[in-house]
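The values are calculated or read from the model by the stated rules, or taken from the named source; none is laboratory data. Everything numeric in this text was worked out from a predicted model, so none of it was measured. Using ideal geometry, Cβ is built from the backbone for each residue, glycine included, and neighbour counts are taken over all protein chains shown.
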């Protein structure tokens, strides 16, 4: 995602190290300030139509043991990243976690991969660069694309031109870790359909939905990775295609939609690169559960908590979501995408999606 | 029990035969057979008890003479026997007294005194002498030299158990290097198995007697317990008994022995806190019990059949028409002035009016006439009792009672009062009367009268009855009459009387409790508390508590408990003691001590001491090992211990915070140099000196948050050398509950809790509130420069 407006990552990391150095040198306490990364501190950016961090900040300082440990780890990580950038090499987030095991000081080692991941996020926020700029990549998420789209990918083994229906198997085209290495060449698509589950994605492909309706089917594979969200945004922005999201009918799936459309809380600093605010939600809506009389499971306590928490989430404060979530709390039921199969295997492609997409003016 | 009925056996003289073998036994002989009652039940324990009795005696003797005690205890082992020597620097005992003090049980000056003292019965040391002679057959050897005398007296004696009198085998004068003091040497069968208890006793005694110096020499050990203060315990004053604190036997004895003549005089002379008014109240109560009250009735009204005037007129003959009319009319009028009237009041009116009319008309109204008139009037008044009783019962019972039932019980009650009788009733009489009437009514009229209803009726009747003016008997009469004495005792107990004075007590004082702990225990922390005097029964008491914690005290396992009564350590029967019970019931976790299961004695390197000073410590038995479970005393023990424990808590809290601070300092001292080194490497700059940074971090104002079970504590620790005036705001996502020292404002579904504490340099302030566990909170702190402030609310 090396976008042209990101500053030079190495410079930024060195500047952060220099800041800590100067703080020590002046007898001051080393610290860095970060936006508070909680639900209560995200706000809607009207210009970019995405949710970004608000004004509340929290400070990591060496005054507390845990703060000092974080800054120590940050110093070690900066040292490592600067060398990696200078040497033109790259590593995965998981490798960084394991690499810390080799650092001589126990206090500098990461306790879990969550910790190292969130440190990289901190460094992204403070430096204004992205982890790709640090030459850090996530593990392949395995998300795929299938549809009438031709593209060119810059791989480590040279350029490849690929048609996402004709040149791929049934599994589709696998989205690379850094989708900014892709150029779109040509397409016959009318819209982009993001699908949560592998089962539904396979059903759509088997039923030829992508061919019949000129659809680019993006398989989200659960909570979408940054690369999946980035390519979705590019398909929308660069090819001017409408994006719709099709998930299960439960609170966790609404969050999947939310991260495609609004960006996630953890990476709100990157929302402008990753979020597709125009993306719309197809279903399964609680309303569909009622209208199509779908097979259901009862809501668990954690489902109810999640729904209630979504009602308070600024990203979900729209008439549509309030109505749907309240309906779901009322009926106390949830359904999976594949529950549509109770009406026959073709019901989703012949009836449900055409009806819904027609309603949404996508078809 | 043996049968004394001689006729049953047929033969004559069996009773005489039996009587011959019956004789009174001496007190000494009794204790010879019941050694355990005085703590001499085994060789191991006997030795400890003997030391204890000897040391207690010595301490009392020294203090009475105003001498700082210097007490030497030696235990020598010679095969199966042990020789115990106890020596003090007391005032000495005169030649005449020595045999009695050591050779006669129950000889002492203190038994009848109401005063705080170690020993009371005068059993202790002579019991030790008795035990020694019983087990070794050897006499006790006593040396004593009084102040100013040239020579010491030396005695060897045993107790004649038949007569409870000393039997002296050697009596001579001798020279002694002490200028004054007493020494006793006892040989006894014993063993040192109770060594631990002996050491505990000596150490504990040293703790509560910081003004004394002790030395204990054993066959293999030698201990010294030094003096911590030159201040002798305050002299205690003897007080007269308090009316709430005497028992029947004592009261009878006092009544027999008093110089007073009247009951009122006796009460005021012999008891503390009794003046004229209190004596009158007691006597009133006594009258109610001794004489009963006179039941009163409504005088008959105009429309009723009974007519007092007519009745009285008829009862009077040959006194002249005018005088008779005047007599009868005035009596009737005076009676009519009363809403209710009792027999003795009628009598009074008749006497009054009789006197007046007599003067006015010159006609004698003698005793017989008056009696007749009184009876006639009383007959008229008591002719109709039912409606009176109905009104009383109706008022006293709940409205749900059926009218017919009330009528029935009123009728039955009325039957119990014979018309014409004076109707004297005691409270007890009324209870019985009401019970019977209620039972009958329940039986016959299918009604229920519960305990409360019956009590209410009794109370109503009792209140309707009028106290009688009868003169109480003289005090000597009460001494002879057990029932009257019992009534007097009850009257004394029922009367409200101010608590006894407390200057008869000499607490150790919290300062000296602490000093005592300090000199005997090498701990990190000491706390002590002395409560104000309180009263149980008629005896004042004071409870003191002390805690020593940490240092060289043994960790792992329960804390040590030291119990004291009037400065005497209680060594045995810990489990039966009220002190232990109270300690076990305290929630020690609240005081930051480990308490497995949340009850029982806490764990930890600590000693907890409790001292009860009283004119009469209630023990569970004669051996004086355990304090009885008296609620007033238990309550005071709890308060005293909690007071000391609160200090311990803040100490432990502070210590924990110090430990955390130390840990933090250590941790930062590892982390920050490494970080500085890394940064130097990355930036390629010169090596860093981070001392200033470290100093700045450690001299901070630290704000931490602890959340547990819905309660939140914000702890502010000022490590700076200046006071901090802070403005602390918690922003929370659910409605908090605060305790008033905070200001709470709601805004858009968020609550802002604001405090403005001033935290002094080196001090810690805790702000607390309640918040549901699911709620989020965020803190902001103003009033201190950001570089001096550390907010650590991660946990």
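Output yes when any residue across segment B:444-461 is in contact (Cβ under 8 Å) with a residue 24 or more places away in the chain, part of a helix (DSSP H, G or I) and in contact with a strand residue (DSSP E or B) (Cβ under 9 Å, 6 or more places away or on another chain), and no when none is.
Quick first cut of segment B:444-461, residues in contact (Cβ under 8 Å) with a residue 24 or more places away in the chain only: B:444-445, B:447, B:449, B:453, B:456-461.
Adding the requirement that they be part of a helix (DSSP H, G or I) leaves B:444-445, B:453, B:456-461.
Next, from what is left, pick out any that are in contact with a strand residue (DSSP E or B) (Cβ under 9 Å, 6 or more places away or on another chain): B:461.
Checked segment B:444-461: at least one residue is in contact (Cβ under 8 Å) with a residue 24 or more places away in the chain, part of a helix (DSSP H, G or I) and in contact with a strand residue (DSSP E or B) (Cβ under 9 Å, 6 or more places away or on another chain).
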> residue A:82 is checked against (1) within 8 Å of chain B (Cβ to nearest Cβ); (2) touching a helix residue (DSSP H, G or I) at 6+ places or on another chain (Cβ under 7 Å); (3) free of Cβ contacts under 8 Å to residues at least 24 places away in the same chain and fails just one. What number does that condition carry?
Replying inline: (3)
>> Just to confirm my filter: which strands (runs of 3 or more DSSP E) fall fully inside segment B:114-233 and include at least 1 residues that are surrounded by 16 or more Cβ atoms within 10 Å (Cβ to Cβ) and touching a residue at least 60 places away in the same chain (Cβ under 8 Å)?
In response: B:152-160, B:165-174, B:181-189, B:213-217, B:222-225
> When residue B:591 is evaluated against the numbered criteria (1) surrounded by 21 or more Cβ atoms within 10 Å (Cβ to Cβ); (2) closer than 27 Å to residue B:245 by Cβ, which criterion, by number, is the only one it fails?
Replying inline: (2)
> Considering segment A:130-150 alone, what residues qualify as being surrounded by fewer than 21 Cβ atoms within 10 Å (Cβ to Cβ) and outside any loop (DSSP other than H, G, I, E, B)?
Replying inline: A:137, A:150
>> Quick test of your reading of the structure: residue A:120 fulfils all but one of (1) at pLDDT 85 or above; (2) within 28 Å of residue A:239 (Cβ to Cβ); (3) in contact with a strand residue (DSSP E or B) (Cβ under 9 Å, 6 or more places away or on another chain). Name the failing condition by number.
In response: (2)
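Among the residues of segment A:285-294, is there at least one that is free of Cβ contacts under 8 Å to residues at least 40 places away in the same chain, in contact with a strand residue (DSSP E or B) (Cβ under 9 Å, 6 or more places away or on another chain), buried (at least 19 other Cβ atoms within 10 Å of the Cβ) and under 25 Å from residue A:359 (Cβ atoms)? Step through it out loud before you land on a result.
Here is the first cut: in segment A:285-294, the residues free of Cβ contacts under 8 Å to residues at least 40 places away in the same chain are A:285, A:291, A:293.
Cutting the leftovers down to in contact with a strand residue (DSSP E or B) (Cβ under 9 Å, 6 or more places away or on another chain) gives us A:285.
From what's left, buried (at least 19 other Cβ atoms within 10 Å of the Cβ): A:285.
Cutting the leftovers down to under 25 Å from residue A:359 (Cβ atoms) gives us A:285.
Within segment A:285-294, one or more residues are free of Cβ contacts under 8 Å to residues at least 40 places away in the same chain, in contact with a strand residue (DSSP E or B) (Cβ under 9 Å, 6 or more places away or on another chain), buried (at least 19 other Cβ atoms within 10 Å of the Cβ) and under 25 Å from residue A:359 (Cβ atoms).
For segment A:233-263, which residues satisfy the criterion of being part of a helix (DSSP H, G or I) and over 30 Å from residue A:302 (Cα atoms)?
Taking segment A:233-263 and keeping what is part of a helix (DSSP H, G or I), we get A:233-239, A:251-261.
Within segment A:233-263, A:233, A:234, A:235, A:236, A:237, A:238, A:239 meet the criteria.
Taking the stated definitions as given, is residue A:41 surrounded by 15 or more Cβ atoms within 10 Å (Cβ to Cβ), in the same structural domain as residue A:105 (by TED's automatic domain parsing) and on the phi > 0 side of the Ramachandran plot?
no
Give me the strands (runs of 3 or more DSSP E) completely within segment B:716-795, filtered to those with at least 2 residues that are away from chain A (no Cβ under 14 Å), ordered by residue number. Give the derivation first.
Details: elements: B:727-732, B:743-747, B:750-755, B:764-770, B:777-782, B:789-792.
Per the criteria, B:727-732, B:743-747, B:750-755, B:764-770.
Quick check on residue B:640: is it in contact with a helix residue (DSSP H, G or I) (Cβ under 6 Å, 6 or more places away or on another chain), in a helix (DSSP H, G or I) and either more than 14 Å from chain A (Cβ to nearest Cβ) or crowded, with 22+ Cβ neighbours inside 10 Å (or both)? First the steps, then the outcome.
Details: in contact with a helix residue (DSSP H, G or I) (Cβ under 6 Å, 6 or more places away or on another chain): no; in a helix (DSSP H, G or I): yes; either more than 14 Å from chain A (Cβ to nearest Cβ) or crowded, with 22+ Cβ neighbours inside 10 Å (or both): yes.
So residue B:640 fails the test.
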> Restricting segment B:118-140 to residues that are at pLDDT 65 or above and out of contact with any strand residue (DSSP E or B) (no Cβ under 9 Å at 6 or more places or on another chain), which is farthest from residue B:159 (Cα to Cα)?
Replying inline: B:124
>> residue A:76 - would you say it is more than 8 Å from every other protein chain (Cβ to nearest Cβ) and either surrounded by fewer than 19 Cβ atoms within 10 Å (Cβ to Cβ) or out of contact with any strand residue (DSSP E or B) (no Cβ under 9 Å at 6 or more places or on another chain) (or both)?
In response: no
> Which ones in segment B:711-732 are over 19 Å from residue B:656 (Cβ atoms) and at pLDDT below 85?
Replying inline: B:720, B:721, B:722
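Could we say that residue B:704 is within 14 Å of chain A (Cβ to nearest Cβ) and surrounded by fewer than 19 Cβ atoms within 10 Å (Cβ to Cβ) here?
Against the criterion (within 14 Å of chain A (Cβ to nearest Cβ) and surrounded by fewer than 19 Cβ atoms within 10 Å (Cβ to Cβ)), residue B:704 does not qualify.
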> Only one residue in B:326, B:256, B:314, B:309 is in the same structural domain as residue B:361 (by TED's automatic domain parsing) and surrounded by fewer than 16 Cβ atoms within 10 Å (Cβ to Cβ), so which one is that?
Replying inline: B:314
> For the subset of segment B:676-699 comprising residues that are touching a residue at least 24 places away in the same chain (Cβ under 8 Å) and surrounded by fewer than 22 Cβ atoms within 10 Å (Cβ to Cβ), which member is farthest from the other protein chains (Cβ to nearest Cβ)?
Replying inline: B:699
>> Just the residues that are at pLDDT 70 or above and not in a helix (DSSP H, G or I), please, taken from segment B:1-59.
In response: B:34, B:39, B:40, B:41, B:42
> If you check residue A:166 against the conditions, is it on the phi < 0 side of the Ramachandran plot, at pLDDT 85 or above and assigned to a loop (DSSP other than H, G, I, E, B)?
Replying inline: yes
> For segment A:17-64, what are the residues that are more than 13 Å from chain B (Cβ to nearest Cβ) and closer than 18 Å to residue A:124 by Cβ?
Replying inline: A:34, A:35, A:42, A:45, A:48, A:50, A:51, A:52, A:53
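Scan segment A:61-73 residue by residue and report those that are within 26 Å of the chain's Cα centre (by Cα) and either closer than 12 Å to residue A:16 by Cα or surrounded by fewer than 23 Cβ atoms within 10 Å (Cβ to Cβ) (or both). Walk me through how you get there before you give the answer.
At the first step, the residues of segment A:61-73 found to be within 26 Å of the chain's Cα centre (by Cα) are A:70, A:73.
A:70, the sole residue that qualifies.
I need the full set of residues from segment A:85-99 which are within 13 Å of chain B (Cβ to nearest Cβ) and surrounded by 14 or more Cβ atoms within 10 Å (Cβ to Cβ), in order please. Lay out the reasoning, then the answer.
At the first step, the residues of segment A:85-99 found to be within 13 Å of chain B (Cβ to nearest Cβ) are A:85-86.
The one that is within 13 Å of chain B (Cβ to nearest Cβ) and surrounded by 14 or more Cβ atoms within 10 Å (Cβ to Cβ): A:85.
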>> I need a count of the residues in segment B:643-675 that are farther than 22 Å from residue B:789 by Cβ and either facing another protein chain (nearest Cβ under 8 Å) or touching a strand residue (DSSP E or B) at 6+ places or on another chain (Cβ under 7 Å) (or both).
In response: 8
>> Quick check on my filter: what residues within segment B:567-592 are touching a strand residue (DSSP E or B) at 6+ places or on another chain (Cβ under 7 Å) and at pLDDT 90 or above?
In response: B:577, B:578, B:579, B:580, B:583
>> Filter segment B:216-248 down to the residues that are touching a strand residue (DSSP E or B) at 6+ places or on another chain (Cβ under 8 Å) and within 20 Å of residue B:71 (Cα to Cα) and list them by number.
In response: B:216, B:217, B:218, B:219, B:222, B:223, B:224, B:225, B:226, B:227
> Has segment B:554-562 got at least one residue that is buried (at least 24 other Cβ atoms within 10 Å of the Cβ) and assigned to a loop (DSSP other than H, G, I, E, B)?
Replying inline: no
> Any residue at all in segment A:170-190 that is assigned by TED's automatic domain parsing to the domain that holds residue A:283, surrounded by fewer than 17 Cβ atoms within 10 Å (Cβ to Cβ) and in a helix (DSSP H, G or I)?
Replying inline: yes
